[in-house]
Amino acid sequence: MILEGKLNIQNIRKIGVAGGGIMGSGIAQTLAQYGYKVVVTDIDEKYLENTRRIININQKTMIDEGLLTAELAEETLKNISYSTDKSVFRDADMIVEAIIEKIEIKQDFWQEVEGIAGDNCIFATNTSGLSINSICSKVLNKKRFIGMHWWNPSHIIPLIELIKAEDTSNETVAVLEELVAAIGKESVVVLKDVSGFIGNRIQFAVYREALKIVEEGIATVEDVDKAMKYGPGFRYPVLGPFETADLGGLDTFYYISSYLFSELSAEKEPTRLQRELMEENNLGVKTGKGWYDYSNGKGEEAMAKRDKNFYKMLKNIK
Ligand SMILES: NC(=O)c1ccc[n+]([C@@H]2O[C@H](COP(=O)([O-])OP(=O)(O)OC[C@H]3O[C@@H](n4cnc5c(N)ncnc54)[C@H](O)[C@@H]3O)[C@@H](O)[C@H]2O)c1
């Protein structure tokens, strides 16, 4: 069991990152950049090779954008080691799991890791939306177990959602809040283990309404995206929904809610257009077509443009 007083941020020096994919690589990079010794594990050397490749690309872009010096990039790399053997977690003070989003695999992973890691090691899962209580069902000491939801690209987006499972101790939450601040990110605490946490509940409420607007012929896909970027989206980096309502006047927001809520989508299943795109295997950038066309290099262009703009926003926030 966790010894009282042992669980504090000063005791976190070595962090294990399990799974060196899209998320794990950015997570490892960020933690290492802030001085933590990081060991990344994956199931095969070829995936770790990919982790090194992703980190190198991320670092190069950050240097180009003036967000990282070559010296710090080099220091960061020195802080990261790689292994296909989970026994490297033996002396980890914390482990962030970013492996495949399959419940049984995550449950077995944590059961095995609990047999390797020390009693004071914090266990954090980066699941997108699986139940945290269920992921830790085979862990004996559940006080140290927490959801730690980074946003993709994890080395850029500031938000990290900390999700309390039923038995997560307040101490574990407090340590992670401090750690998130120490790596220059912003944390929020999700007090209940609910699907979608905070960010995805809001994001998918927006997506569901955007789908309704398009499916009912109210506006085109292009105009919905444009309306979001130049209207509500323009506000959101500055004001959250409650701040927006306070500044707009709660009476006005009340009156609008009284006629608009009943008009909004209450869809309980993925919608018609979503199903059609799935059936046609039009899955977005990864298949060259989604709501937009990404053939002939347009997908890479879209991602590069996204990252460039994200870096600009990050610079402004910092
Ligand atoms: N991609 C996103 O946008 C995003 C955002 C937030 C959270 N997440 C969550 O993060 C986790 C990882 O997602 P990703 O997008 O990085 O996936 P990914 O497929 O890019 O990477 C997963 C990595 O985990 C490795 N892996 C699989 N089983 C393993 C095991 N038993 N032990 C060690 N490594 C193992 C895989 O080989 C792979 O390299 C998932 O839980 C996902 O839901 C993803």
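The values are calculated or read from the model by the stated rules, or taken from the named source; none is laboratory data. Nothing here was measured: the structure is a model prediction, and the numbers come from that model. Methodologically, a virtual Cβ is constructed for each residue, glycine included, from the backbone with ideal geometry; neighbour enumeration extends over all protein chains shown.
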Q.
Can you tell me which of (1) within 22 Å of GLU178 (Cβ to Cβ); (2) within 16 Å of the ligand (Cβ to nearest atom); (3) surrounded by fewer than 22 Cβ atoms within 10 Å (Cβ to Cβ) is the one GLN10 doesn't meet?
A. (2)
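Does GLU65 fit the bill of being within 16 Å of the ligand (Cβ to nearest atom), in contact (Cβ under 8 Å) with a residue 24 or more places away in the chain and not aliphatic (A, V, I, L, M)?
no
Within the bounds of the range 118-128, is there any residue that is among the acidic types (Asp, Glu), within 13 Å of the ligand (Cβ to nearest atom) and within 19 Å of ASP167 (Cα to Cα)? Walk me through how you get there before you give the answer.
Let us first name the residues in the range 118-128 that are among the acidic types (Asp, Glu), namely 119.
When the remaining residues are screened for being within 13 Å of the ligand (Cβ to nearest atom), the result is none.
No, there is no match, as no residue in the range 118-128 is among the acidic types (Asp, Glu), within 13 Å of the ligand (Cβ to nearest atom) and within 19 Å of ASP167 (Cα to Cα).
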**Q.** Close pairs from the range 123-145: first in the same structural domain as GLU161 (by TED's automatic domain parsing) and in a loop (DSSP other than H, G, I, E, B), partner among the hydroxyl-bearing types (Ser, Thr, Tyr) and buried (at least 18 other Cβ atoms within 10 Å of the Cβ), Cβ under 9 Å, at least 6 apart
**A.** ASN126/SER154; CYS136/THR125; CYS136/THR168
Q.
If SER195 meets every condition in (1) over 15 Å from the mean Cα position of the chain (by Cα); (2) in a loop (DSSP other than H, G, I, E, B); (3) more than 28 Å from VAL38 (Cα to Cα) apart from one, which number is that one?
A. (1)
Q.
Can you report the number of residues in the range 261-291 which are loosely packed, with under 14 Cβ neighbours inside 10 Å and assigned to a loop (DSSP other than H, G, I, E, B)?
A. 8
Q) Out of curiosity, is MET313 surrounded by fewer than 13 Cβ atoms within 10 Å (Cβ to Cβ) and either among the aliphatic types (A, V, I, L, M) or farther than 25 Å from ASP223 by Cβ (or both)? A) no
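Each row is one residue, and each column tells you yes or no for (1) buried (at least 16 other Cβ atoms within 10 Å of the Cβ); (2) under 22 Å from the mean Cα position of the chain (by Cα).
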| site | (1), (2) |
| --- | --- |
| LEU68 | yes, yes |
| GLU75 | no, no |
| TYR82 | yes, yes |
| LYS86 | yes, no |
| GLN107 | yes, yes |
| ILE122 | yes, yes |
| THR125 | yes, yes |
| ILE135 | yes, yes |
